[in-house]
Every structure is written in C-alpha cells, then in structure tokens.
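Note sheet for the following structure.
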Amino acid sequence: MRTMRFHPPGYGGQRRDPEEVKRDGWREHGVLAISADDDRLTWPERELVCQLGEKLYGPRPLEREVDHG
C-alpha cells in the first residue's frame with residue numbers, strides 16, 4: 001500500500017535560496033530586503049539604505065570597538 005506524503009508549506013522539500021526569497025518578496029509583495037553591506041551596491045546606495053533603515057527603525061546598535069592596544 002502506498003501512502004501520500006503531504007508537507008505543509010515551509011516544511012520538507014527543498015529550502016529556497018535567500019536571494020530567491022528576497023526577489024520573490026519584491027516582485028510579489030513590494031517588500032525589499034537589503035543588507036547595508038551588500039557588495040552589489042555603490043557607496044551612495046549603501047548610505048541610502050542605512051538612512052532609510054534609521055528613519056524607519058532607528059539607529060543600529062554600535063558594534064564593539066576593537067582594542068588596537
């Protein structure tokens with residue numbers, strides 16, 4: 001006897017690439033997920049991303065300072 005295997009969305013099967021998830025989010029829902037450190041962006045574009053993030057969500061926590069002593 002064969003049994004049917006059903007996996008609810010998000011369970012089982014292949015995991016999607018994060019870039020594919022971001023691309024689909026933009027195309028299907030108008031949601032944009034951008035890393036402020038994305039190498040594909042120019043410096044002015046990264047600055048704009050940071051400014052938008054700070055305007056919408058507030059400043060990012062300061063990273064730990066490295067001791068150079």
Amide H neighbours of I34 at under 5 Å, excluding residues fewer than 5 places away on the same chain, with H built from the backbone geometry, are none
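Taking R0 as 22 Å, what's the FRET efficiency between L48 and D24 from their Cβ-Cβ distance, rounded to 0.05? Present the calculation step by step, with values, prior to reporting the outcome.
Working: r = 23 Å, r/R0 = 1.05.
E(calc), rounded to 0.05, equals 0.45.
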Output ³J(HN,Hα) for region 31-37: one whole-Hz value per residue in order, computed from phi by the Karplus curve 6.51 cos²θ - 1.76 cosθ + 1.60 with θ = phi - 60°, and x for Gly and Pro.
-> 9, 10, 10, 10, 7, 5, 9
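A short reminder: the numbers here are calculations on the coordinates, not readings from a lab. The structure displayed is predicted, hence computed values, not measured ones. Positions of Cβ are backbone-derived with ideal geometry, glycine not excepted, and every protein chain shown enters the neighbour counts.
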